[in-house]
Amino acid sequence: MAGKENIRLAFVATSDGGNNLFIDNVEFYVDDNTSPVSIESQYEVYGVGSNVKLTFNLAEKETVHLKIYNMLGQPVLEDQLFDVLNQTYTFDIHQQGTGIYIIWVQFANQVGSSKVFLTGSN
């Protein structure tokens, strides 16, 4: 199913005993990562080497605006992510070098920022 644009699933249960089957809390992911990062909040930002990782856990698909700033306040990356739901994005900024970066995220009616320390190498 990974990589497919449109997938349709059907759950069918047949019982002669009249018992009902309820299926809930079904989650679908847009990538083939079998061990996604589990988070409690709507998003989590963390740094690994020269990569900024941004994991989402949203109730509905949202468009996310992302900006990464260095400590001088200069933007080093700006991006717009579409149809974000519950996945992890990786942004490689190795060309910027070791340092502290501010990650600014805006979606729906929420705005947040986080600091990450990157080592400049993977």
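What follows draws every value from the coordinates through simple rules; no lab data is involved. Just so it is clear, the model here is predicted, and its values are computed rather than measured. Because the Cβ atoms are built from the backbone with ideal geometry, glycine has one as well, and the counts that use them run over all protein chains shown.
Between SER41 and GLU60, the simple label model (points 7 Å from Cα in the Cβ direction) yields a spacing of 2.3 nm. Normalised radius of gyration (Cα atoms, divided by 2.2 N^0.38 Å) for the stretch 43-118: 1.04. The charge dipole of the chain, taken about its Cα centre with unit charges on the Cβ of Lys, Arg, Asp and Glu (plus for the first two, minus for the last two), comes to roughly 360 debye. Percent relative contact order of the chain, based on C-alpha pairs within less than 8 angstrom and at least six residues apart? Relative contact order for the chain comes out at 24 percent.
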